[in-house]
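Here's the structure, in structure tokens; my notes come after.
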């Protein structure tokens, strides 16, 4: 799976949009961009994923650049409960590997009042 | 519905003892994964089950680690002769079938709360 690069940490004011960037310059054509987050002392939580089109769900929006070498996760109105480590993962299917997740170090997002 | 559950939530054991960690996946999820997270380390993949078989065991750190899954549901991760470096949070995740006819499709994984293992 392609390697991703994320900032180590970010701050965001409560109620403002949080924009979390991710670089994945070696992504291949059949690999998806997935985002998970891990709130302290909990298991990771799936947020959103995409291939090449922008995606939106009830949690967040995912913007993928046209060349697919980078993406941005957007939390439109961050709350204190969004404080977590956010992981950007490039994930492809490999026979007999079932799409295991390869986690990097992630971005530690701190939402401040 | 019910999510992924793991037991015990915490386990303290003496060096050299064997431990068993249990994972109950979401009903109907045929794919099951084990990961671990050590202090100061990221999340690392251990093993993947599709049904009862384990096509990918590449992440198991040593032959002291083994896992099985019976009935396509519950999985047990066993660590023999535990060492202090085995101390970590062990996480289980499940997903729908990782192979979706007619092509291949990836499904999101749902994680349990983890088992915190401390080896003294």
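The values are calculated or read from the model by the stated rules, or taken from the named source; none is laboratory data. Since the structure is predicted, the reported quantities are computational estimates derived from the model, not experimental observations. When we count neighbours, we look across all protein chains shown, and the Cβ atoms used for this are built from the backbone with ideal geometry, even at glycine.
Remarks
- Scanning segment B:34-85 for residues that are closer than 20 Å to residue A:44 by Cβ and at pLDDT below 90 yields B:39, B:40, B:41, B:42, B:56.
- Hey, residue A:20 more than 11 Å from every other protein chain (Cβ to nearest Cβ) and either in a strand (DSSP E or B) or touching a residue at least 24 places away in the same chain (Cβ under 8 Å) (or both) or not: yes
- The residue that is nearest to residue B:73 (Cα to Cα), among those in segment B:1-27 that are out of contact with any strand residue (DSSP E or B) (no Cβ under 7 Å at 6 or more places or on another chain) and modelled with pLDDT under 95, is B:27.
- Residues within segment A:70-83 that are closer than 25 Å to residue B:40 by Cβ and either within 13 Å of chain B (Cβ to nearest Cβ) or touching a helix residue (DSSP H, G or I) at 6+ places or on another chain (Cβ under 8 Å) (or both), tallied: 0
- Test: residue in segment A:84-94 that is part of a strand (DSSP E or B) and more than 29 Å from residue B:88 (Cβ to Cβ): no
- Residue satisfying all of: in segment B:95-120; at pLDDT 95 or above and buried (at least 21 other Cβ atoms within 10 Å of the Cβ); farthest from residue B:14 (Cα to Cα) among these: B:111
- Just one of the numbered conditions (1) in contact (Cβ under 8 Å) with a residue 24 or more places away in the chain; (2) not in a strand (DSSP E or B) is not true of residue A:58: (1).
- Just one of the listed residues (A:102, A:48) is assigned to a loop (DSSP other than H, G, I, E, B), in contact (Cβ under 8 Å) with a residue 24 or more places away in the chain and within 11 Å of chain B (Cβ to nearest Cβ), namely A:102.
- Only one entry of A:41, A:110, A:25 meets the criterion of being within 14 Å of chain B (Cβ to nearest Cβ) and over 13 Å from the mean Cα position of the chain (by Cα), and that entry is A:41.
- Candidates are the residues of segment B:1-37 that are surrounded by fewer than 18 Cβ atoms within 10 Å (Cβ to Cβ) and closer than 15 Å to residue B:47 by Cβ; the one that is nearest to the other protein chains (Cβ to nearest Cβ) is B:22.
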